[in-house]
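Below: one structure, written as C-alpha coordinates.
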Amino acid sequence: MPDPIMYQEDMFVVLMPGEEEVFMTPDELLAKLKNILKDRQDDLPRDLQQIDAIEDQARHLRDTSCDFDLNPGEAMQWYVVRLEK
(Lines give C-alpha, C1' and ligand atoms only; values in the text may rest on other atoms or scores of the structure.)
Protein backbone atom coordinates (compact mmCIF):
# COMPACT_ATOMS: atom_id res chain seq x y z
CA MET A 1 0.00 0.00 0.00
CA PRO A 2 1.50 3.37 -0.98
CA ASP A 3 2.21 5.95 1.67
CA PRO A 4 -0.60 8.57 1.81
CA ILE A 5 2.02 11.30 1.48
CA MET A 6 2.25 10.30 -2.20
CA TYR A 7 -1.10 11.96 -2.72
CA GLN A 8 0.15 15.30 -1.40
CA GLU A 9 2.53 15.99 -4.27
CA ASP A 10 3.50 19.46 -5.42
CA MET A 11 5.60 18.49 -8.41
CA PHE A 12 7.35 15.48 -9.86
CA VAL A 13 10.86 15.25 -11.22
CA VAL A 14 10.73 13.01 -14.30
CA LEU A 15 13.73 11.15 -15.69
CA MET A 16 13.67 9.78 -19.23
CA PRO A 17 16.55 7.80 -20.74
CA GLY A 18 18.98 10.10 -22.54
CA GLU A 19 17.16 13.29 -21.51
CA GLU A 20 17.60 15.94 -18.84
CA GLU A 21 15.39 15.79 -15.76
CA VAL A 22 12.11 17.67 -16.09
CA PHE A 23 9.78 19.03 -13.42
CA MET A 24 6.10 18.30 -14.05
CA THR A 25 2.85 18.97 -12.28
CA PRO A 26 0.73 15.93 -11.39
CA ASP A 27 -1.52 16.66 -14.39
CA GLU A 28 1.44 16.98 -16.77
CA LEU A 29 2.85 13.66 -15.59
CA LEU A 30 -0.58 12.07 -15.96
CA ALA A 31 -0.77 13.31 -19.56
CA LYS A 32 2.73 11.96 -20.32
CA LEU A 33 1.88 8.56 -18.85
CA LYS A 34 -1.39 8.42 -20.82
CA ASN A 35 0.52 9.18 -24.02
CA ILE A 36 3.00 6.37 -23.32
CA LEU A 37 0.33 3.87 -22.29
CA LYS A 38 -1.90 4.42 -25.33
CA ASP A 39 0.72 2.74 -27.55
CA ARG A 40 1.41 -0.12 -25.12
CA GLN A 41 -2.03 -1.60 -24.48
CA ASP A 42 -0.88 -5.00 -25.80
CA ASP A 43 2.14 -5.12 -23.47
CA LEU A 44 1.01 -3.77 -20.09
CA PRO A 45 2.31 -4.83 -16.68
CA ARG A 46 -0.02 -7.25 -14.92
CA ASP A 47 -1.40 -4.68 -12.46
CA LEU A 48 -2.44 -2.36 -15.30
CA GLN A 49 -4.05 -5.13 -17.37
CA GLN A 50 -6.95 -5.22 -14.88
CA ILE A 51 -7.77 -1.53 -15.53
CA ASP A 52 -9.72 -0.72 -18.69
CA ALA A 53 -9.43 3.05 -19.18
CA ILE A 54 -6.05 4.52 -20.12
CA GLU A 55 -6.68 7.52 -17.84
CA ASP A 56 -7.25 5.19 -14.89
CA GLN A 57 -4.17 3.14 -15.82
CA ALA A 58 -2.03 6.30 -15.91
CA ARG A 59 -3.44 7.56 -12.60
CA HIS A 60 -2.78 4.17 -10.95
CA LEU A 61 0.77 4.12 -12.31
CA ARG A 62 1.47 7.71 -11.18
CA ASP A 63 0.06 7.13 -7.71
CA THR A 64 1.48 3.68 -6.93
CA SER A 65 4.80 3.44 -8.79
CA CYS A 66 7.89 5.48 -9.56
CA ASP A 67 9.06 3.85 -12.77
CA PHE A 68 7.86 2.28 -16.00
CA ASP A 69 9.91 0.11 -18.36
CA LEU A 70 10.00 1.65 -21.83
CA ASN A 71 12.39 -0.79 -23.51
CA PRO A 72 14.70 -3.51 -22.24
CA GLY A 73 17.17 -1.74 -19.98
CA GLU A 74 15.40 1.64 -20.24
CA ALA A 75 12.89 3.00 -17.77
CA MET A 76 11.08 6.23 -17.17
CA GLN A 77 11.26 7.30 -13.50
CA TRP A 78 9.41 9.94 -11.49
CA TYR A 79 9.68 11.16 -7.94
CA VAL A 80 7.57 13.52 -5.85
CA VAL A 81 9.34 16.73 -4.91
CA ARG A 82 8.22 19.43 -2.51
CA LEU A 83 8.87 22.97 -3.59
CA GLU A 84 9.20 25.63 -0.93
CA LYS A 85 6.64 28.40 -1.20
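For this structure, a couple of remarks:
- Candidates are the residues of the stretch 11-58 that are in a helix (DSSP H, G or I) and of a type in the set (S, T, N, Q); the one that is farthest from W78 (Cα to Cα) is Q49.
- Considering residues of the stretch 72-85 that are touching a residue at least 40 places away in the same chain (Cβ under 8 Å) and closer than 19 Å to I36 by Cα only, the residue surrounded by the fewest Cβ atoms within 10 Å (Cβ to Cβ): E74
- Selection within the stretch 29-59 - surrounded by fewer than 11 Cβ atoms within 10 Å (Cβ to Cβ) and at pLDDT 95 or above: A53
The values are calculated or read from the model by the stated rules, or taken from the named source; none is laboratory data. All of these numbers come straight from a predicted model, not from anything done at the bench. Here the Cβ is made from the backbone with ideal geometry for all residues, glycine too, and neighbour counts use every protein chain on show.
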